[in-house]
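Some notes on the structure that comes next.
The values are calculated or read from the model by the stated rules, or taken from the named source; none is laboratory data. Note that the structure is a prediction, hence the values are computed from the model and not measured. We place every Cβ from the backbone using ideal geometry, glycine too, and count neighbours over all the protein chains shown.
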Amino acid sequence: MDKMKLTTVLFVLFLASFAYSQGKAAKKVTLLNVSYDPTRELYQDYNKVFAEHYKAKTGVEVTINQSHGGSGGQARSVIEGNQADVVTLALAFDIDAIGTARKGLIADNWIARFQQNSSPYTSTIVFLVRKGNPKGIKDWDDIVKPGVNVITPDPKTSGGARWNYLAAWAYARAKYGEDKARDFVKKLYGNVSVLDPGARGSTNTFVQRGLGDVLLAWENEAHLIVKELGGGNFEIVTPTISILAEPSVTYVDGIVNKRGTKDVAIAYLEYLYSEAAQRIIGKHYYRPSNPEIAKEFPIFANLKLVTVDKDFGGWAAAHKLHFADNGQFDQIMRDLKKK
Amino acid sequence: MVKKRVVHEPLWVKTLLFLISGAFLFVFIVLPLVTIFREAFKSGIAVYMETFSDPGVMSAIKLSLLTVLICVPINTFFGVFIAWLLTKYRFPGRKVLITIIDLPFSISPVIAGLLFIFLFGSFGWFGAWLMEYDIRIVFAVPGIVLATLFVSFPFVARELMPLMRELGKDDEEAALTLGASGFQIFWKVTLPNIKWGLLYGIILTNARALGEFGAVSVVSGFVRGVTTTMPLYIDILYGEYMFRAAFALASLMTFLALVTIIAKAVLEYYIAAQRKSMEVKIQS
């Protein structure tokens with residue numbers, strides 16, 4: 001008889017684990033924002049401000065759950081069933097990938113649904129070096145020199161890493177011409193000692209573990225380290241040419257329609273363009289998309305920024321040429337291994 | 001009379017061996033453990049306690065406890081059941097079953113996690129069906145429980161099988177001839193015989209269920225406060241440069257691990273005592 005009781009208790013507990021996850025959503029509105037690595041602090045701040053704004057406006061209490069990781073890996077988790085109401089990823093390609101892998105999950109025209117290509121904030125790629133810049137790094141040419149140890153994440157899994165790669169390519173092409181660009185990028189990856197799966201991992205490798213002479217970093221991540229975390233041990237070096245990184249945001253049609261959260265998801269993303277949110281964005285060292293607000297943050301260096309759309313023919317083309325299986329990046333890594 | 005040959009190492013060899021192994025243990029085990037506590041308490045007890053007022057940390061602790069609370073009893077029940085089946089009966093396919101029990105040991109935890117994605121993910125075998133009825137397994141708590149169940153399964157059975165084999169079925173057969181039912185035999189005869197080994201298995205199951213990172217991280221989706229267990233949350237805190245909080249939570253887990261080890265040592269003592277009394281019984 002005890003055994004019966006025991007079995008019943010176990011069964012109830014097991015069912016409870018289902019209730020634990022599914023019951024929660026019913027009482028108040030929750031949103032899940034699946035995002036990329038360095039936006040953790042930004043969205044922690046923004047979520048609070050949005051929740052207050054939304055409650056004042058509609059009376060509805062909204063709780064926003066966050067999930068962070070390498071942009072490509074996060075897109076995969078949504079494809080495989082992570083119930084994201086909104087995705088705020090490092091590049092448009094990762095959002096395209098979700099809609100391609102599961103038809104109808106995200107509408108094809110998603111990029112036109114919000115202003116500025118659905119990028120409420122932009123950023124770029126800069127160099128982070130150790131204090132005093134001991135290797136004298138000024139531009140891309142200096143980091144491909146022999147004996148310079150470069151830290152950057154893996155473009156196969158990290159969004160930031162793809163921006164790094166394309167920025168280097170754009171510089172080499174502008175300076176040395178199309179046919180020399182590949183050699184330049186190959187030299188660069190020949191100098192890479194640690195290829196972490198995500199941008200946060202690379203930052204930790206460089207800052208915490210003290211490896212490498214230069215970190216190719218998101219501008220926002222570089223400022224975060226210099227101003228708040230690095231204890232005065234790091235400096236930012238701005239190259240002459242870099243790339244305009246446009247992290248994209250959208251809602252996941254298949255999920256918001258099923259959960260009935262479409263209105264709040266749209267409000268959540270639209271409010272990113274409000275003045276209040278744009279200031280939070282600037283405070284976290286992302287470039288606000290509103291030019292008026294951007295002026296309030298003079299820390300952003302003026303440099304030549306290429307774009308994926310104009311200079312690489314859009315993400316689909318760039319992905320196919322550089323990052324797909326057996327693309328340029330794979331070939332470069334294979335060549336480097338042979339050496 | 002044959003002189004018993006005893007090997008006597010010179011004193012310096014003994015000292016050297018002791019120093020080498022001592023230094024190794026100190027550097028690789030004691031020092032990192034001390035570091036965790038030192039880092040955790042570096043900014044004082046107030047900052048340490050602050051960590052545990054973070055709702056994310058609390059929900060991670062709760063989720064870990066819930067997972068353990070579900071996994072340990074289930075794995076204990078089935079562990080005993082299977083150990084009983086495999087040691088008291090002979091049947092075709094028995095060897096295969098023994099090998100299958102070990103599978104969670106030999107499979108990498110990451111693969112164990114992916115396995116559940118392949119089964120329950122949206123492209124998985126049951127993916128379409130689950131989606132139709134809006135049942136969420138992976139990227140939700142049930143997935144975490146299932147992955148933990150999987151990786152912590154073998155401990156109880158593995159611990160009990162050699163013990164049960166050694167005990168044989170004499171006691172049970174005696175009980176049977178005296179008219180006991182199968183159920184009575186288990187509760188009154190088998191269970192008292194295996195209790196120390198069983199507890200030992202439960203403690204190991206508990207330790208693994210609490211500490212599992214790999215398999216759980218694959219199925220979690222890292223929704224903070226919802227699908228983050230303690231080990232996952234330590235990783236998140238570390239990634240957010242919240243080193244103090246990461247070490248504080250790590251110190252809690254380490255403390256639980258130390259309690260586990262002490263409990264394990266105590267049990268080992270009792271198991272050894274039981275073995276001895278069994279030997280006495282056999283000799284007499």
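Odds and ends about this structure:
- Residue in the range A:97-110 that is more than 14 Å from every other protein chain (Cβ to nearest Cβ) and touching a residue at least 60 places away in the same chain (Cβ under 8 Å) present: yes
For every residue, the table says whether it meets (1) of a type in the set (Val, Ile, Thr); (2) under 20 Å from the mean Cα position of the chain (by Cα).
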| position | (1), (2) |
| --- | --- |
| B:PHE52 | no, no |
| B:VAL57 | yes, no |
| B:ILE70 | yes, yes |
| B:THR76 | yes, yes |
| B:PRO92 | no, no |
| B:ASP102 | no, yes |
| B:LEU114 | no, no |
| B:PHE118 | no, no |
| B:PHE123 | no, no |
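- Contact map, the range B:175-201: residues that are within 16 Å of B:MET278 (Cβ to Cβ) paired with residues that are surrounded by 13 or more Cβ atoms within 10 Å (Cβ to Cβ) and small (Gly, Ala, Ser), Cβ distance under 6 Å, separation 6+ or inter-chain. Pairs shown: B:VAL189/B:ALA175.
- The numbered conditions (1) touching a strand residue (DSSP E or B) at 6+ places or on another chain (Cβ under 9 Å); (2) modelled with pLDDT of 95 or more are all true for A:VAL49 except (1).
- Just so you know, in the range B:135-176 the residues that are small (Gly, Ala, Ser) and at negative phi include one that is nearest to the other protein chains (Cβ to nearest Cβ), and it is B:ALA140.
- The set of residues from the range B:123-134 being within 15 Å of A:ARG259 (Cβ to Cβ), in a loop (DSSP other than H, G, I, E, B) and either within 8 Å of chain A (Cβ to nearest Cβ) or of a type in the set (Asp, Glu) (or both) comprises just one member, B:ASP134.
- A residue that is in a helix (DSSP H, G or I), farther than 25 Å from B:PHE213 by Cα, without any contact (Cβ under 8 Å) to a residue 60 or more places away in the chain and of a type in the set (Lys, Arg) can be found somewhere in the range B:94-108.
- First in the range A:197-216 and away from every other protein chain (no Cβ under 13 Å), second anywhere and of a type in the set (Phe, Trp, Tyr), Cβ under 8 Å, 6 or more apart: A:GLY212/A:PHE206; A:VAL214/A:PHE127; A:LEU215/A:PHE127; A:LEU215/A:PHE206; A:LEU216/A:PHE127
- Subset of the range B:135-149 (residues that are assigned to a helix (DSSP H, G or I), more than 11 Å from the chain's Cα centre (by Cα) and in contact (Cβ under 8 Å) with a residue 60 or more places away in the chain): B:VAL141, B:GLY143, B:ILE144, B:VAL145, B:LEU146, B:ALA147
- Residue in the range A:63-85 that is farthest from the other protein chains (Cβ to nearest Cβ), counting only those that are of a type in the set (A, V, I, L, M, F, W, C) and crowded, with 24+ Cβ neighbours inside 10 Å: A:ALA75
- Consider the range A:138-192 and keep the residues that are polar (S, T, N, Q) and closer than 14 Å to A:HIS322 by Cβ. The one that is surrounded by the most Cβ atoms within 10 Å (Cβ to Cβ) is A:SER158.
- Residues that are touching a Leu at 6+ places or on another chain (Cβ under 8 Å) and facing chain A (nearest Cβ under 10 Å) were ranked within the range B:207-225; the one that is farthest from A:GLN208 (Cα to Cα) is B:VAL219.
- One residue stands out among those in the range B:177-192 that are away from chain A (no Cβ under 14 Å) and small (Gly, Ala, Ser): the one that is farthest from B:THR87 (Cα to Cα), which is B:GLY179.
- Residue satisfying condition, being touching a helix residue (DSSP H, G or I) at 6+ places or on another chain (Cβ under 6 Å) and hydrophobic (A, V, I, L, M, F, W, C), within set A:VAL264, A:VAL249: A:VAL249
- Any hit, the range B:16-38, residues being within 22 Å of B:LEU198 (Cβ to Cβ) and in a helix (DSSP H, G or I): no
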